[in-house]
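**Q** Here it is: the structure, laid out below.
The values are calculated or read from the model by the stated rules, or taken from the named source; none is laboratory data. Treat the numbers as computed from the prediction; the structure is a model and nothing was measured. Glycine gets a Cβ as well: all are built from the backbone with ideal geometry, and neighbour counts include every protein chain shown.
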């Protein structure tokens, strides 16, 4: 069975926007149950990674708590007051995923909103964008993410 991959990206953008909740309570490290050696190591790693402005990749089988880890990193980071936006890349049709992530301007395509749309990357606005199942995203779109477009 292939590992499910996600990419947790901390975006530092100067634009303010989006109507995403910043204050919703999420898991904290203390709420992560378990005192076995691997769990202690995971908690220690989360504490070390959280202060970093760098992007983080978390790997694991489906259902192992990748989003819980991502939320714990977010809550312990300097970004904790900013949005945490989670998106399942496999749940959005390929044709819509690019406009969901990057947004679009008025009239960009047939059926586009007359006002355009803010993309989720901009909506994360100095917060955290959690991309679950990024391996299911088309390679061309993965390249655009890496290029920062």
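**Q** Against the condition more than 30 Å from residue 32 (Cα to Cα), surrounded by fewer than 21 Cβ atoms within 10 Å (Cβ to Cβ), touching a helix residue (DSSP H, G or I) at 6+ places or on another chain (Cβ under 9 Å) and in contact (Cβ under 8 Å) with a residue 24 or more places away in the chain, how does residue 98 come out, does it pass?
**A** Values: more than 30 Å from residue 32 (Cα to Cα): yes; surrounded by fewer than 21 Cβ atoms within 10 Å (Cβ to Cβ): yes; touching a helix residue (DSSP H, G or I) at 6+ places or on another chain (Cβ under 9 Å): yes; in contact (Cβ under 8 Å) with a residue 24 or more places away in the chain: yes.
So residue 98 fits the description; yes.
**Q** I'd like to know if region 38-51 contains one or more residues that are touching a strand residue (DSSP E or B) at 6+ places or on another chain (Cβ under 8 Å) and surrounded by fewer than 17 Cβ atoms within 10 Å (Cβ to Cβ).
**A** Of all residues in region 38-51, those touching a strand residue (DSSP E or B) at 6+ places or on another chain (Cβ under 8 Å) come to 49.
This time we only want the ones that are surrounded by fewer than 17 Cβ atoms within 10 Å (Cβ to Cβ), so: none.
No; the residues of region 38-51 include none that is touching a strand residue (DSSP E or B) at 6+ places or on another chain (Cβ under 8 Å) and surrounded by fewer than 17 Cβ atoms within 10 Å (Cβ to Cβ).
**Q** Moving to a separate point now. Go through region 113-138 and report how many residues are free of Cβ contacts under 8 Å to residues at least 12 places away in the same chain and surrounded by 10 or more Cβ atoms within 10 Å (Cβ to Cβ).
**A** Restricting attention to region 113-138, the residues satisfying the condition of being free of Cβ contacts under 8 Å to residues at least 12 places away in the same chain are 113-115.
Next, only the ones that are surrounded by 10 or more Cβ atoms within 10 Å (Cβ to Cβ) stay: 113.
Number satisfying all stated conditions: 1.
**Q** Another one. Given the criterion loosely packed, with under 12 Cβ neighbours inside 10 Å, modelled with pLDDT under 85 and in contact with a helix residue (DSSP H, G or I) (Cβ under 8 Å, 6 or more places away or on another chain), identify the matching residue among 2, 24. Quick ask: steps written out before the conclusion?
**A** On the way: 24 fails: in contact with a helix residue (DSSP H, G or I) (Cβ under 8 Å, 6 or more places away or on another chain).
Result of the check over 2, 24: 2.
**Q** Being surrounded by 16 or more Cβ atoms within 10 Å (Cβ to Cβ), at pLDDT 90 or above and out of contact with any strand residue (DSSP E or B) (no Cβ under 9 Å at 6 or more places or on another chain) is the requirement here; does residue 141 meet it? Break it down into steps so the answer makes sense when it comes.
**A** Numbers: surrounded by 16 or more Cβ atoms within 10 Å (Cβ to Cβ): yes; at pLDDT 90 or above: yes; out of contact with any strand residue (DSSP E or B) (no Cβ under 9 Å at 6 or more places or on another chain): yes.
So residue 141 fits the description; yes.
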